[in-house]
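Report on one structure; see the data block that follows.
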Amino acid sequence: MIERTVVIRNRLGLHARPAADFVKTASRFVSDITLGKDGSWVNGKSIMGVMTLAAECGSEVTVRADGSDAEQAVEDLVTCLMKEYVER
Amino acid sequence: MTNRVLRGVGVAPGIVVGAAHVIQWDFPEISRGQIERSEVAVELARLEEALDAVRRSLEDLRERTRQRAGEEDAKIFDAQIMMLLDPEFRAGVETLIRENQLSAERAFEFKTLEMRALWSQSTSYVLRQRVADLGGIQVRVLNHLLGRALATPIRPEGDNRPTIVFTRELTPGLTVQLERESVAALASVEGARTAHAAILSRSLGIPCVMGVVGGLERIRDGMDVIVDGTHGLVILEPTAEEVEAAYAGERLRHELGTKLDEAAGQLAMTTDGRTIELRGNVDLPEEIEPTVNHGATGVGLLRTEFLVLGRTHLPSEDEQSDYFGSVARQFAGKPVLVRSYDLGGDKFPAAFQTGPEANPFLGWRAIRVCLDQPEIFRRQLRAILRARRHGDLRLMIPMVSFIEEIDCTRDLVAQCAAGLAEEGIDAASDIPLGVMIETPAAAILIDQIVARCDFVSVGTNDLTQYTLAIDRGNARLADRFSPHHPAVVQLLERVVDAAHRGGIEASVCGEMASDPLSAFLLIGLGYRVLSVSPPSLSLIRWIIRQVDANGAVVAAEAALLASSTAEVEAILEQALAQYVDLQLLKGGRLPALVGAARLLGSPDRHP
């Protein structure tokens, strides 16, 4: 199992669009992916779960991947979390 | 008298007088809850069929939105489609069907209610806003499973009044669907400016008020109502005077709209013959076309952050050169002022993240970063030098507070040009260099700056923030943050005077130039180049064409003697009122023009 913790940088946090990107990326991997914040964990392939975490700008989240492609998964998902979005 | 005037938030401008139609898009009653064990397979199949059908209808709405409002708005439906197809959510519904022997509709309702409860209680404002997206899915799936059509407004025969729909919660899907039913205006109890449905109603041009409190239960189908999306009001059973006032308000809006349309394509010249160069601020590539089409005489601020944000690596020299070259070509021969990277703090690609700073606005950013990381800067300078073959590209550096920063930049430009020549790469041998005046230090040292550069451009938001020591993002101080503070006005004068004495161009590319009152002041102070966000181009062009430059000078001279923001504004308003109907400006101005500029990642540093 591989895990990494990062701080959310997008101004509005991990909301609809960034959450969707995260889930789309997570779904490309066979590994089980979970995302945690303040002790609660959700399925990283579930948009409802990821949105429920309501990770705001500045909050710390941990990506955990377990499976054959765990390393690449964590790498890609961290990149995804570090993205900033142009908001309207 | 009962209160007939309901207050809400105007999220899409426009005033409509019409007949109310209440849509109860509330969730349908489910009578059949429990099922027999033998029915499980049938229920699972029903669920699958319903999810599939709703997915198709959402995809239809997405496509329709894309055609009517563009790809960006269409993406709103992507989140809903993903929610609908969420594997974990679906597995939860299937488990309820299989193990608790619930009907497909009961199981789906149960799961969405669970989600809804969780999200509604969240302390996250953004998450609470997404409850409407959830509701949109819930209502569609349940109605499909129950074989019921979604309620749509039906106008009685012979009633020609425009239809105004009232609903508890406005979902993006409902908004687009209602647009197809030629609904004239919308009002809802839930929701706010940032709701997806609000963004959509603005794009589709349907006046809309959200957050209407108290009174939805008093509205009956067919009741006469006014919805004022410009001011966020709903008036029930309006009096003749109120209807007249509504029509008058709407006339003002249209009148201003027509005037602005007429001004497009005309010279940006004051009534006494002073020509003002009107340029556009370009954040993103998609803003280039509207700016060119408007007839802007160049780009007064080409931001380069979008090349970096949301990526892990800095863009290559080729990529930047291609982008700058394409902008230069589209503005054939007109000046394009490229602002060098305004990065810093957390506005940095992941690979360059630094630790958090206690005071990012006073921290390591903009030109400070570029000069400390010359490899990053060099790549950008080489890209501009190469692209300058395609047009009049110029360079301006942000947040300057030391004269050395200008000298160092010049040296770097010279080194880059020499390097390119040595490598035999086709490129310009120099770039006109400008300085953004955003700090009091730069405004005070303006004579020394003018002596060393080719033009100056004022970033008014930062100049105001640093001069007044007011964080422009602090909501508590928002009413004190104004570029009309006398100290800022005096610095603005100091800058333009020094530039003209030194024979160089002074422009304003800050948000200030997009405000009619401020534009009038800037013209009066002597600025001849204004650069504004693309949606404000028509308004400012029209203002320029209405005013007398000498009158503006007189007003600016009086403003320079004022001792408070209120005094400055009173002077400007009184003077501007000689040329334009302030009522028309206030009543007719679309709220969407104010602060509609996109926000980049935090802390945003729009000048």
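Some values worked out for this structure:
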| read-out | value |
| --- | --- |
| A:S59 vs. criteria surrounded by fewer than 21 Cβ atoms within 10 Å (Cβ to Cβ) and polar (S, T, N, Q) | yes |
| Helices (runs of 4 or more DSSP H) lying entirely in the stretch B:388-493 (those with 3 or more residues that are free of Cβ contacts under 8 Å to residues at least 12 places away in the same chain) | B:403-422 |
| Some residue of the stretch B:443-458 being at pLDDT below 95 and of a type in the set (D, E) | no |
| Counted residues, the stretch B:91-147 - those being within 31 Å of the chain's Cα centre (by Cα) and among the polar types (S, T, N, Q) | 7 |
| Some residue of the stretch B:555-565 being at pLDDT below 95 and surrounded by fewer than 19 Cβ atoms within 10 Å (Cβ to Cβ) | no |
| Sole residue being within 9 Å of another protein chain (Cβ to nearest Cβ) and of a type in the set (G, A, S), chosen from A:A19, A:A26 | A:A19 |
| Lone qualifier among B:Q138, B:Q121, B:Q129 - being within 14 Å of chain A (Cβ to nearest Cβ), closer than 16 Å to B:A195 by Cβ and of a type in the set (S, T, N, Q) | B:Q129 |
| Those residues of the stretch B:431-484 which are farther than 15 Å from B:G503 by Cβ and of a type in the set (F, W, Y), in sequence order | B:Y466, B:F481 |
| Some residue of the stretch B:195-212 being in contact with a Gly (Cβ under 9 Å, 6 or more places away or on another chain), within 17 Å of B:G14 (Cα to Cα), of a type in the set (S, T, Y) and crowded, with 24+ Cβ neighbours inside 10 Å | yes |
| Residue within the stretch A:47-67 that is without any contact (Cβ under 8 Å) to a residue 24 or more places away in the chain, within 12 Å of another protein chain (Cβ to nearest Cβ) and either farther than 23 Å from B:V131 by Cα or within 10 Å of the chain's Cα centre (by Cα) (or both) present | no |
| Search result, residues across the stretch B:230-246 that are part of a loop (DSSP other than H, G, I, E, B) and in contact with a Lys or Arg (Cβ under 8 Å, 6 or more places away or on another chain) | B:T230, B:G232, B:E237, B:P238 |
| Scan of the stretch B:254-293 for residues that are of a type in the set (D, E, K, R) and within 14 Å of chain A (Cβ to nearest Cβ), ordered by number | B:D283, B:E286, B:E287 |
| Selection from the stretch B:33-58 of residues that are in a loop (DSSP other than H, G, I, E, B) and touching a helix residue (DSSP H, G or I) at 6+ places or on another chain (Cβ under 7 Å) | B:G33, B:I35 |
| Complete set of residues in the stretch B:415-432 that are surrounded by fewer than 18 Cβ atoms within 10 Å (Cβ to Cβ) and in contact with a helix residue (DSSP H, G or I) (Cβ under 9 Å, 6 or more places away or on another chain) | B:Q415, B:G419, B:I425, B:D426, B:A428, B:S429, B:D430 |
| All positions within the stretch B:51-104 that are in contact with a Leu (Cβ under 7 Å, 6 or more places away or on another chain), within 13 Å of another protein chain (Cβ to nearest Cβ) and in contact (Cβ under 8 Å) with a residue 60 or more places away in the chain | B:A69, B:D73, B:I76, B:F77, B:Q80 |
| Some residue of the stretch B:122-142 being of a type in the set (S, T, N, Q), assigned by TED's automatic domain parsing to the domain that holds B:A50 and modelled with pLDDT of 85 or more | yes |
| Failed criterion for B:N160 (all others in (1) under 20 Å from B:A187 (Cα atoms); (2) buried (at least 20 other Cβ atoms within 10 Å of the Cβ); (3) away from chain A (no Cβ under 14 Å) hold) | (2) |
| Hey, A:L35 more than 7 Å from chain B (Cβ to nearest Cβ), crowded, with 23+ Cβ neighbours inside 10 Å and part of a helix (DSSP H, G or I) or not | no |
| Meets criteria (under 27 Å from B:P13 (Cα atoms) and either in the same structural domain as B:R394 (by TED's automatic domain parsing) or among the hydrophobic types (A, V, I, L, M, F, W, C) (or both)) for B:L260 | yes |
| In the stretch B:501-537, the residues that are touching a residue at least 40 places away in the same chain (Cβ under 8 Å), touching an Asp or Glu at 6+ places or on another chain (Cβ under 7 Å) and part of a helix (DSSP H, G or I) | B:L517, B:P534 |
| Of all residues making up the stretch A:38-68, the number that are in a strand (DSSP E or B) and not basic (K, R) | 10 |
| Pair list, Cβ < 7 Å and 6+ apart or interchain, from the stretch B:242-256 residues that are on the phi < 0 side of the Ramachandran plot to residues that are modelled with pLDDT under 85 and of a type in the set (A, V, I, L, M, F, W, C) | B:L252/B:L584; B:E255/B:L584; B:L256/B:L584 |
| Lone qualifier among B:G249, B:G222, B:G257, B:G265 - being out of contact with any Pro (no Cβ under 8 Å at 6 or more places or on another chain) and assigned to a loop (DSSP other than H, G, I, E, B) | B:G265 |
| Residues located in the stretch B:170-204, provided they are modelled with pLDDT of 80 or more, outside any loop (DSSP other than H, G, I, E, B) and of a type in the set (V, I, T) | B:T175 |
| Flag if B:G333 is at positive phi and in the same structural domain as B:M396 (by TED's automatic domain parsing) | yes |
| Some residue of the stretch B:302-317 being within 14 Å of chain A (Cβ to nearest Cβ), touching a helix residue (DSSP H, G or I) at 6+ places or on another chain (Cβ under 9 Å) and hydroxyl-bearing (S, T, Y) | yes |
| A:T79, sole failed condition from (1) within 8 Å of another protein chain (Cβ to nearest Cβ); (2) under 24 Å from B:E357 (Cβ atoms); (3) not in a helix (DSSP H, G or I) | (3) |
| Lone qualifier among B:T163, B:T112, B:T167 - being at pLDDT 85 or above, assigned by TED's automatic domain parsing to the domain that holds B:L200 and either touching a Pro at 6+ places or on another chain (Cβ under 6 Å) or closer than 30 Å to B:E36 by Cα (or both) | B:T163 |
| Top-ranked residue in the stretch A:2-16 [being within 7 Å of another protein chain (Cβ to nearest Cβ) and farther than 15 Å from B:R128 by Cβ; ranked as surrounded by the fewest Cβ atoms within 10 Å (Cβ to Cβ)] | A:R11 |
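The values are calculated or read from the model by the stated rules, or taken from the named source; none is laboratory data. Not measured: the values here are computed from a predicted model. For neighbour counting, all protein chains shown are included, and Cβ atoms are generated from backbone atoms with ideal geometry for every residue, glycine included.
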